[in-house]
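**Student:** Sending over a structure as structure tokens; questions will come in a sec.
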Amino acid sequence: MSASDPATDPTYGRLFVQQSLSRVVVATVGFVFIALLGALGGTRPNVRFIVGVLAVQVMLSAAYVTLRPRLPGSDRRWYRISLGIDVAAITLCIHFLSREFVPYGLACYAFLVVYSAASISFGECVRTAALCVAVYGALLVLRASGAVGVPESAFIVLRPGIEALVTMLFMVAFLATMVLTAGHHASTVRREQLARLAAQADLERLNAELAERAAVLAEKAEELKAFVYTVTHDLKNPLSAILLTADLLLEREGGVISDESREDLRRIVRTADTTEDMIRDLMGLFRITSTPEAPGWVDLDAVAARALDTLRPQADTKGVRFVVHPLPRVWGQADKLGHVLANLFANALQYVPAERGEVEVGAVRENGDVVVHVRDNGVGIPVDYHKGIFELFGRVPDRVQGTNGHKRGTGVGLAIVRRIVEAHRGRVWVESAPGAGSCFYVRLPARDPDSVLSP
């Protein structure tokens, strides 16, 4: 249905039923006039064809109402089919009218046109008018070409006085039928338009309330973010003091501290060191997810090169080899995607074995997306933890994975990766098994400018 057509398919369904009832009324009026003309001696044998057309219309009307729920297709389609049958019936009746009575048949065309305009839309009115002109024009062409003969008229021209009386009665009945039918349908459509306008007003009001609540929630979220950032930042100073004090105590000589106390201090240092790393990563999380960045074309080759330059000293010291295959461009936020690759590279570097560690980076195009993979030959991750490691503070326990001399992560890095990738309408996942290395996958839309949002 076109945007200018105010009637919905259910509206066509109601009009379809009302049209069937109106058709019965019109046919009844036709029977009455034919009986009146017959009583006045104004009919010929061919009037039986017109009576037959009216009878078929009445039967079809009953069949429409009964069978419509079982018929396939939209109500609009069946409304137009029934309208086409009406036009064909009127044209057949006109075929059996003499020239003097043709205007009565043309008036029936006009009724259908006005009915469409009042009940549905201007577009439906034009469609109905074009259909009437086309069908009547086809009848005239067939007659002019001799393909269809001109039959004897079903009616006889009566005396002027009687003819004037019959014409007046016909016009009164015709106009009354038009007013009642078209007016009723017009009221139906107007009621639906008013209901639609009321629903639209309610929707606009609800949207305004939703926008207001969203603004309040955004303000509260910013306040909470600022509070957490401030608390996290302020925790650094006392934690640094604890670390400094513990280190000073460990450096003292002369047997002031027992071996047991020294071990306790070392445990304090390790715990405080992990906590400091966690605070640093949390501050990084707030900084990365809060910093606005305009999207654009991102050269993943250049992004990967910058990330590797930062990690090169650690990789050379540990003897780890990085193999990076050519990477494509994607639409996104360069700094945030750079953080994704840098985190995955650092994560792989941390868990691969020294001197024989290898990290392989590549990408493929798949169903319009770009899938980047970072594969390593490290310690691997048990299947039960493949999803949990992407949650905030999600880590594989030491008792499951073992430290093997590796420094434990804080459980923040991969959570940041997931947030950034999902903000790009992408997905990140891992395939791994203990002792078999890990392969992290990042799926990103190759070209979807509207998909990139601030995390």
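The values are calculated or read from the model by the stated rules, or taken from the named source; none is laboratory data. Keep in mind that what you see is a predicted model, and the values were worked out from it rather than measured. Note: ideal-geometry Cβ built from the backbone for every residue, glycine included; neighbour counts use all protein chains shown. Side chains are part of the model used for accessible areas, which takes the heavy atoms of the whole protein and leaves out ligands, DNA and RNA. Shrake-Rupley method; radii C 1.70, N 1.55, O 1.52, S 1.80 Å.
**Student:** Assuming 0.36 nm per residue, please report the length gained on full extension of the stretch L392 to A346 beyond their Cα-Cα distance. Show your work: numbers first, answer last.
**Tutor:** On the way: separation 46, 0.36 × 46 = 16.56 nm, distance 1.76 nm.
Gain in length upon complete extension: 14.8 nm.
**Student:** Around L97, which amide H atoms from residues at least 5 apart in sequence, or from another chain, sit under 5 Å from its own amide H, with H modelled in the peptide plane?
**Tutor:** For L97, whose amide H was placed from the backbone, the distant partners under 5 Å are A154.
**Student:** Roughly how many whole Å is it from the C-alpha centroid of segment 59-97 to that of segment 337-385?
**Tutor:** Centre-to-centre (Cα) distance: 67 Å.
**Student:** Keeping all protein chains in the complex and leaving out DNA, RNA and ligands, what accessible area do you get for T275 with a 1.4 Å probe, in Å² to the nearest 10?
**Tutor:** 50 Å²
**Student:** Counting only protein chains, not ligands or nucleic acids, how are F111, F345 ordered by accessible area (probe 1.4 Å), most first?
**Tutor:** Descending order: F111, F345.
**Student:** Arrange the peptides 356-367, 414-425, 87-98 so that the one whose residues have, on average, the most other Cβ atoms within 10 Å appears first. It would help to have the intermediate numbers written out before the result.
**Tutor:** Values: 356-367: 15.3, 414-425: 20.9, 87-98: 18.6.
Peptide ranking by packing, descending: 414-425, 87-98, 356-367.
**Student:** Treating cross-link reach as a plain straight distance, find the aspartates and glutamates whose alpha-carbon is under 19 Å from the alpha-carbon of K318, omitting any fewer than eight places away in the same chain.
**Tutor:** Hits, sequence-local ones excluded: D309, E355, E358, E360, D376.
**Student:** Give the peptides 13-22, 133-142, 332-341 in descending order of average Cβ contacts within 10 Å, highest first.
**Tutor:** Working: 13-22: 19.0, 133-142: 12.7, 332-341: 22.6.
Most protected by this proxy first, the peptides run 332-341, 13-22, 133-142.
**Student:** Is segment 298-345 best put as rounded, prolate or oblate by its Cα gyration tensor, with a ≥ b ≥ c the root eigenvalues, rounded for a/c under 1.5, and otherwise prolate when a/b is larger than b/c, oblate when not?
**Tutor:** Values: a/c = 3.00, a/b = 1.88, b/c = 1.60.
Prolate shape, in that a/c is at least 1.5 and a/b is the bigger ratio.
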